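For reference, the structure is listed below as structure tokens.
Only the coordinates and a few stated rules stand behind these numbers; no lab work does. All of these numbers come straight from a predicted model, not from anything done at the bench. Here Cβ is always computed from backbone atoms with ideal geometry, including for glycine, and neighbour counts include all displayed protein chains.
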Amino acid sequence: MSGSGEREVAAILEECRVLVEDPTYPAVRRWREAHPGGKVLGHFQVYFPEEIPHAAGMLPVKIMGAGSTVQIRKADARIAAFVCSIIRSSLELALTGRLDFLSVFVTPPICDAARNACAVWVRNLPSLNSQVLYLPQNAASPHAAAYLRDEYRRIAGVVEEAVGRPITDDGLRRSIALYNENRRLLRDLYRVKRETPWLLSAVEAYTLVRAGGLMPREEHNVLLRRVLGLLPEREAKRQDKIRVVFEGGYCEQPPLDMLAVIQDACYIVDDDLLIGLRWLTGDVPTDGEPLASLARAYLDGSSYSPVQHDPRKPKPEMLLRRIRESHADAAIVAAPKMCEPGLEDQVNHIRALEAAGIPHLVLEFEEKMTVFEQMRMEVETFAESLLFDFA
Amino acid sequence: MTTKTPTIGSIRNESRRLLEQWWREMAAADHAGRPTAYVFVMGSLGELLRAFDLPVNCPEITSLQTAVRGASLQYLQAAEDSGYSPDICGYVKADVGLHLKDRQHPNGRIPKPALVIATNMCNTYVTWAEIWEQMYGCPVFVLDLPAWRGTRAGAGADGEALRNDRRYVEAQLRDLIALCEDLTGTAFDIDRLREAMAQVNRMAASYHAVLALNQHRPAPFSAIREGITFQGISNLYRGSPEGTRFFELAREEIQDRIRLGMGTLEEKYRLLLAGTTCYAALKRFAEMFEQWGGVFVHSTYMVFAGGGFAPGFAYDLARPIESLAETLLLSAWRGWSMPMFYAQDWLAETVREWSVDGICFHGVKSCRTTSTGLPDVREWLRTRCDIPGLFIQSDLVDPRLWSDAQLKNRIDAFIESLAGRRATAGR
């Protein structure tokens, strides 16, 4: 790659890194300056159909905690001690005015803490319309799609009220097309991770993906297209690293430094990091009834996570499939501290990996952790032992 | 004129008999290899399962019983040794430990699950059910009960959104009926469902009357001692004539207690419990308040885990399945919003109606469903309604999380503050 190409990639990655690490949501504030009176909808993890607010001219933005960038003070007085960090830090952002640009906040009740947290938002932020989007847990039910279409229609009503105008089917179709493009580009990015992981580090890929939840998706598409165009020319040597799948990043996000520790010893060739942005695994049809298409895609054309029950997608088997399809040598099975669904799934995952004879390393993390020496030693020992076995 | 025989003692005797009978039925089902359904207390669907003669295991109850029997630690440790984190629900771990120990419980042996029904009333129900799914390969039916939706979504849900939810719940119930028919080989008999629902209507009326009797001063029963028994029977015997009879008997006994001037103790402070108690220290938890004359006259637990029996609960027996769907949905709305997530209004109203002096908010590490927002609700009620509240933390079943001296200090200080308020108000 030419020096200018490398500089351009580096500049894009730096821009993404700033977005990821700045708790003041700079891209959102820029968008509001460019769109006076523009409304913003925030949504908590894991999945939210951003096409709905986008079709109304709102800016959807993902609320996914604050890592170690914010000292949690106010939220600690509102929420019990044994609740995960992402619930607290997201509330801290709201209570300290860092999310004052939001008109609507939506929480899918992904876990018991998240469902409770919405009530805390309602009590403490009376001027914000805080809604629960109830996504089906009986996902294989033949009735779930009709229910979900109507639930999306309800959320569309909330959005229409916020912006003061109706959402049209044509507007939704245009938004679906835009997000289809985004999901295609993300699939391409993950293809690079699987096939040529030395061209893009785990931290680089992650910041590129995460930035999508923090900026207008039109801009994200431009940025992804540019990076994907430049990557094949990148000069990077393939290294002798084990190929791993990282599991455990569906909700609370591991610190960038933790991913850096892993990437020093391993290629992360697939993962569930921010799986909500990649939840829909194929294109959503742009003909027909748009909300029905989005509902069907959520149920029938989607990935998996600890917070959705679907007998068609047994999670341990889905993990084994992810490992197989990415030709990974091993798995890193992580879970955030105090994460009930993640920690419970972890045991089933470990059993399935043991039964399949797949080496794995179990890690626990917290978004705000800052010391990684112990983890570095564990990861290096794990990787070296496997390299020794493979030799 | 005949004098009615006082019924004092019948709650204790009859509840003991019913609990022992439940264990005998489970042991018999295990011995005979009869299909057993595993259900949870919030949305157990006991009335529907009775129409198929399916025995039920309530794992929340078997887990809490390990703690009451002082045996939970061995089960928790067995689960932790097999990989479960110290940071997850203790009920789940006590149950996993039970299965790892060949299903041998201090009260008997539980049968394997042939069917699991889990509602979304607690998300952990679903991941817990998936553990049995992995262990036994049994079918797991997750019943979605979409409920409270946030801003401006009070307990009085209505409109198109509620109609959508109701259609979905009813359709799922029809699927569950088909699944039960397949599993048991028994054709669904709507009259049997209707019969069980009629029993639930009677049980709900008596349950609600029992709770209301505790508005009397002094309180005729403790919401955390006998309250637990009431919750257990209401779940295990939902839809049965024996369950209905129990609550009629309970109502009579409590009326007798009032008539005879019997309170639970020398009542000085009337308290409300937000959350659950600690089963690993059930007696001690109560004693710490009772030594100061503090009696729990009500609890949120008796509402959200007490069969969903809100005031006015009544199935329409002319259209059983539709009514079951509607009532389950509305119970979920009430269960989530009123006493649990968005509890401030219900708590404030209960403080007024039950003449409560203060609220104990008990957060348990095991249960984020009941505990996550408790500090916030406490603060809300303190600052907006001048209702005193104590926030303490321990666990449901894990004795390692019970810190006696620390809890005693907090409770003593809280009671002193109530005394101070009373003295100030009396000046």
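Structural remarks
- From largest to smallest, the equivalent ellipsoid semi-axes obtained for chain A from the alpha-carbon gyration tensor read 32, 24, 22 Å.
- Net charge dipole size for segment B:10-426 [Lys, Arg +1 and Asp, Glu -1 on Cβ; Debye, nearest 20]: 800 debye
- Neighbour counts of other Cβ atoms within 10 Å put B:SER323, B:SER394, B:SER234, B:SER355 in the fewest-to-most order B:SER355, B:SER323, B:SER394, B:SER234.
- The angle between the Cα long axis of helix B:320-336 and the longest principal axis of the Cα atoms of chain B comes to about 40 degrees, rounded to the nearest 10.
- Share of pairwise Cα separations in segment A:134-198, more than 14 Å, in percent: 73 percent
- Three-way shape label, chain B, alpha-carbon gyration tensor, a/c 1.5: rounded
- Amide H contacts of A:SER302: A:THR281, each under 5 Å away and 5 or more positions distant or on a separate chain (H built 1.01 Å from N in the peptide plane; Pro and chain starts excluded).
- Helix A:3-21 vs. chain A, principal-axis angle (Cα, 0 to 90°, nearest 10): 60 degrees
- Square roots of five times the Cα gyration tensor eigenvalues for segment B:295-344, Å: 24, 12, 7
- Peptide packing: for B:282-291, B:305-314, A:131-140, B:404-413, the average count of neighbouring Cβ atoms within 10 Å per residue gives the ranking A:131-140, B:305-314, B:282-291, B:404-413, highest mean first.
- Estimated Rh, segment B:262-361: Kirkwood, alpha-carbon pairs, angstrom: 15.0 Å
- Against chain B, whose longest principal axis is taken from its Cα atoms, helix B:123-136 shows a tilt of about 40°.
- With 10 Å bins beginning at zero, the pair-distance distribution over Cα atoms of segment B:154-266 amounts to 12, 29, 28, 20, 10, 1 %.
- Mean Cβ neighbour count within 10 Å, used as a protection proxy, ranking B:265-275, B:9-19 highest first: B:265-275, B:9-19
- Ranked list, fewest to most other Cβ atoms within 10 Å of each Cβ, for B:CYS180, B:CYS278: B:CYS180, B:CYS278
- Applying a DSSP loop filter and a limit of 13 other Cβ atoms within 10 Å to the GluC sites (Glu not before Pro) in segment A:198-290 leaves A:GLU235.
- Gyration tensor verdict on the protein assembly as shown (Cα atoms; rounded if a/c is under 1.5, prolate if a/b is larger than b/c, oblate otherwise): prolate
- Average other protein chain Cβ within 10 Å of Cβ, residues A:304-313: 3
- Neighbouring Cβ atoms from other chains, within 10 Å of the Cβ of residues in B:118-125, number 5 on average.
- Converting phi to 3J(HN,Hα) with the Karplus coefficients 6.51, -1.76 and 1.60 and the offset θ = phi - 60°, segment B:339-346 yields x, 10, 6, 10, 8, 4, 6, 4 Hz in sequence order, with x at every glycine or proline.
- Note that segment A:37-53 has calculated 3J(HN,Hα) couplings of x, x, 9, 10, 10, x, 9, 7, 4, 9, 10, 8, x, 5, 4, 5, x Hz, one per residue in order, obtained from phi through the Karplus relation 6.51 cos²θ - 1.76 cosθ + 1.60 (θ = phi - 60°); glycine and proline are x.
- Taking packing as the residue-averaged number of other Cβ atoms within 10 angstrom, the listed peptides B:121-130, A:148-157, A:66-75 run from highest to lowest as B:121-130, A:148-157, A:66-75.
- Tensor-based shape of segment A:32-179 (alpha-carbon gyration tensor, a/c under 1.5 rounded, otherwise prolate or oblate): oblate
- Across peptide A:138-150, the mean count of Cβ atoms from other chains lying within 10 Å of each residue's own Cβ comes to 5.
- Order of A:MET338, B:MET203, B:MET262 under a 10 Å beta carbon neighbour criterion, fewest first: B:MET262, A:MET338, B:MET203
- Treating r as the C-beta distance of B:LYS101 and A:ALA81 and R0 as 30 Å, the FRET efficiency rounds to 0.45.
- Coupling constants for segment B:403-415 follow from the phi torsions by the Karplus curve (6.51 cos²θ - 1.76 cosθ + 1.60, θ = phi - 60°), and in residue order they are 10, 4, 5, 5, 5, 4, 4, 5, 5, 4, 5, 5, 5 Hz; glycine and proline get x.
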